[in-house]
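Enquirer: This structure is in structure tokens; I'll ask about it shortly.
The values are calculated or read from the model by the stated rules, or taken from the named source; none is laboratory data. What you see is a predicted model, and the numbers here were worked out from it, not measured in a lab. Virtual Cβ from ideal backbone geometry, glycine too; neighbours counted across all protein chains shown.
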Amino acid sequence: MTAPFSQSVEIGLKVNGERVRRTVDARRHLIDFLRLDLGLTGSHAGCEQGVCGACTVRVDGAIVRGCLTLAVQLDGADVWTVEGVTETGEIADLQDEFVARNALQCGYCTPGMLLTAAELLDAASTPDRTHIREQISGNYCRCTGYEAIVDAIEATAAKRCGMPVPALKEAAE
């Protein structure tokens, strides 16, 4: 019996601002490359079908599903994970609002939600709640019911624009 076809390919890319060169299996997905080869475990492998958004990362300025993207497709690309944008401080205010508004519970969806929200906030300085919901609709959250996530994104947008920030909602008793 022969081994299944496998081809290794050398790739070079930037990950979180640092140059990386590795030899990878031609069929290795980006999420596995990031998690297993580089130890960047912030993004999660959820459904592995591009549906849940847990594997969301930024490639050349746009969010993509890491489970649908092959690592070899990224030769020469600029990849940012939640670890990278956290380290730069780019999403610090968004993270603060997620905490203040209890927009995370188990945390599994949070990295993908943060990167998706960051893309929205970069594109639209004052998105309304409908636009926010549309943007995050491809990211599943099984814990929060989304309301707190929308609140956190809305509050971050307001702060960034110098507008009044919606008040924190009281917890139900």
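Enquirer: Pull out all pairs, ordered by first then second residue, where Cβ-Cβ is under 6 Å, the residues are six or more apart or on different chains, the first lies in the stretch 143-168 and is under 15 Å from LEU121 (Cα atoms), and the second is of a type in the set (Ser, Thr, Tyr).
Expert: ALA157/THR126; CYS161/SER125; CYS161/THR126
Enquirer: Here is a follow-up. For the stretch 21-31, state whether one or more residues are in a strand (DSSP E or B) and either of a type in the set (Asp, Glu) or in the same structural domain as ALA148 (by TED's automatic domain parsing) (or both).
Expert: Yes, there is a match, as at least one residue in the stretch 21-31 is in a strand (DSSP E or B) and either of a type in the set (Asp, Glu) or in the same structural domain as ALA148 (by TED's automatic domain parsing) (or both).
Enquirer: I would also like to ask the following. Give the residues of the stretch 103-113 that are within 16 Å of VAL150 (Cβ to Cβ) and either buried (at least 16 other Cβ atoms within 10 Å of the Cβ) or among the aliphatic types (A, V, I, L, M) (or both), sorted by residue number.
Expert: Answer for the stretch 103-113, where residues must be within 16 Å of VAL150 (Cβ to Cβ) and either buried (at least 16 other Cβ atoms within 10 Å of the Cβ) or among the aliphatic types (A, V, I, L, M) (or both): ALA103, LEU104, CYS109, THR110, GLY112, MET113.
Enquirer: Still on this model: Just the residues that are crowded, with 16+ Cβ neighbours inside 10 Å, among the small types (Gly, Ala, Ser), closer than 26 Å to SER8 by Cα and touching a residue at least 60 places away in the same chain (Cβ under 8 Å), please, taken from the stretch 38-97.
Expert: Passing the criteria: GLY42, SER43, GLY46, ALA71, ALA77.
Enquirer: Please state which one of THR130, THR86, THR116, THR156 is part of a helix (DSSP H, G or I) and either assigned by TED's automatic domain parsing to the domain that holds ARG27 or in contact with a strand residue (DSSP E or B) (Cβ under 9 Å, 6 or more places away or on another chain) (or both).
Expert: THR116
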